[in-house]
1. Exceeding 27 Å between C-alpha atoms, which entries from my cross-link table qualify? They are Lys337/Lys378; Lys22/Lys101; Lys22/Lys46; Lys136/Lys202; Lys123/Lys262.
2. Which length gain, in nm to one decimal place, applies between Phe487 and Ala448 when the Cα-Cα distance is subtracted from 0.36 nm times their residue separation?
3. Sequence-distant or interchain residues sharing an amide H contact under 5 Å with His452, placed H: which?
4. Set the Förster radius R0 to 60 Å, insert the Cβ-Cβ distance between Lys109 and Asn466 as r into 1/(1 + (r/R0)^6), and round the FRET efficiency to 0.05.
5. In whole Hz, with x marking every Gly and Pro, tabulate ³J(HN,Hα) for the stretch 180-197 from phi via Karplus 6.51 cos²θ - 1.76 cosθ + 1.60, θ = phi - 60°.
6. Of all chymotrypsin sites (Phe, Trp or Tyr not before Pro) in the stretch 317-413, which ones are in loop regions per DSSP and have a Cβ with at most 16 other Cβ atoms within 10 Å?
7. Among the GluC sites (Glu not before Pro) within the stretch 342-421, which fall in a DSSP loop and have no more than 13 other Cβ atoms within 10 Å of their own Cβ?
8. Would you please give the FRET efficiency between Tyr357 and Glu336, computed as 1/(1 + (r/R0)^6) with r the Cβ-Cβ distance and R0 = 25 Å, to the nearest 0.05?
Amino acid sequence: MSLTIAPSTQFSSGKAGSKQLKQKAAEFLQCTRSTNFLLELIAYQKECLARGAPLTPSLLTLEHLFTELLRRDEMRTTVAAPSRTAGVPLENGNSSQLSHKQWLLMQYKESFGVILASVNHEKQTDACQALSTAMKLLVAEAQNPVELPTVPSEQQQQQQFPVGRLKQILSSMLSSERLNTHLFNRFLEYSHYLDVIYFCWKLIPSLVPRDCVPNDIFTQNLLLLIGAVSFGKDALKETNNVLCVPLEGPFDYVFVRRQINKTWNFVVNWPHGEAAHQQLLLVLLEKVLPHLEKPVLLTDFLMDSLDVGGAISMLALQGIFVLIQQYNLTYPNIYEKLYSMFEPEIFHTKFKARLFYLADIFLSSSHLPEGLVAAFVKRLARLALIAPPQDVVIIMRFIGNLILRHPALKSLIFHPAGGEASSDPFVTEERDPMKSKALLSSLWEVAALQNHVLPSVAMAARFISNPFPSVEWDLSSVLEINENDIFDNEIAKKTKQYALCIDRPAGMFGYCGGEISSQYWKLF
């Protein structure tokens, strides 16, 4: 949108400027025929936007002005017909009034465009305020429409949801130049309402480019929008949860589901960079998957993602697990893929807890081959030697649970031929866990960690020297701990106080502790 900056009155900045704007807004609302202030305010908003100046005072003033004008029906150019389903234009005798209403409506549309342009302001607080102002005006317009429908219809209510305004708002957030995470986080305040969800999904397929492949930034913004307006099926039970207009009848989930599938079929087939690929999997797993009509069609996409590595492989693994668990998907090499994911890099990803959680589920069966589980135990024990302290605690609990599920693996604790670090038969480089010779090894790594400098890590590693419990350790209690938690726990522990000096010294070379001690501690 191009902004034409007109000469404007220079309003003061800071609190004085806000007070000045409020005062002039109140004067304008008392007599809307005085049009100078509204023109000056719009010009001032454009000027601030062009200069990158703070926008919040002028945005709040525009919001207050037009919300009040909408409430008063100052901009409505039609009047309600007796049928209450349509509107008719004002009569010719009111031409002066009609002209003024049309002028106010024109200024409202121009102001709304400036507000939408402010959504892409560099300062995030101003951008979020612009989005909030646009949504509040949308609500006010839904409750007090500026144009009633001129054609009667059984499906049209007197209060109409301003779909065109919503489309403008969504389009302004779908930038191809900057990632608008802050805007979609603010949009969450409105996206849990059923009417917003319904009309957003009615519009989203039309916002997806068809003639070209968008860049990664647009793709990520679109995925943020999809994640923001996705919903759980429990939300459909709250029929009165609306922002603007009550829905006519029950929520049309069949239509919305069709829109979700249509949109997703476009997005999943675009080429994705690493960041967009990771976000695509997150939105798929956490928001979209329950609404897909044929989730099994994602098999090839998830299997290709599983070979990418890093966080993308971890997320793809979760998707494959859902397909295996809920849709009877067969993946023959799933344990080899899971085994290959346990690399030192996992300790530096934010999805580390997710990998341990999924691995715990995959290895929960007591009917797995002992050689397979032993390979996971040894690989985890070897990683524990180089892992951060908080991850060592997780690994120790995980290994303990695997041994509890497979009691025969207790032979790894003190294997007679398992050797030590220099003669360990375990083949670390082997990609096939069944060929790693893990059953011939021993857990010397865990024994070494019993001498760790941190007491919490050493205590966690002592499980192999103590009687095993009758139930498994709760892995969820340690999955989210970090180094700060360990530090705080160590600091909070009570320690014994030791006296370091009997007599307080008066100086570096003076007498301390008597003449005899001073004689032997004399430096020159």
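The values are calculated or read from the model by the stated rules, or taken from the named source; none is laboratory data. Every value quoted in this text rests on a predicted model; they were computed, and no experiment measured them. All Cβ positions, glycine included, derive from the backbone under ideal geometry; neighbour counts span all protein chains shown. Note: areas computed on protein heavy atoms with side chains; ligands, DNA, RNA excluded. Shrake-Rupley method; radii C 1.70, N 1.55, O 1.52, S 1.80 Å.
1. Working: Lys337/Lys378 16 Å; Lys22/Lys101 23 Å; Lys22/Lys46 18 Å; Lys136/Lys202 20 Å; Lys123/Lys262 34 Å.
Among Lys337/Lys378; Lys22/Lys101; Lys22/Lys46; Lys136/Lys202; Lys123/Lys262, the Cα-Cα distance tops 27 Å for Lys123/Lys262.
2. Working: separation 39, 0.36 × 39 = 14.04 nm, distance 2.17 nm.
Full extension of this stretch gives 11.9 nm more.
3. Residues meeting the amide H criterion: Ala458.
4. Values: r = 75 Å, r/R0 = 1.24.
The value I calculate is 0.20.
5. 9, 4, 5, 5, 6, 5, 6, 5, 4, 5, 10, 7, 8, 7, 5, 5, 5, 4
6. Values: sites: Phe321, Tyr327, Tyr335, Tyr339, Phe342, Phe347, Phe351, Phe356, Tyr357, Phe362, Phe376, Phe398; in loops: Phe342, Phe351.
Qualifying residues, ordered by number: none.
7. Details: sites: Glu345, Glu370, Glu420; in loops: Glu420.
Sparse-neighbourhood loop GluC sites (Glu not before Pro): Glu420.
8. On the way: r = 19 Å, r/R0 = 0.78.
Step by step, r from the Cβ atoms, then E = 0.80.
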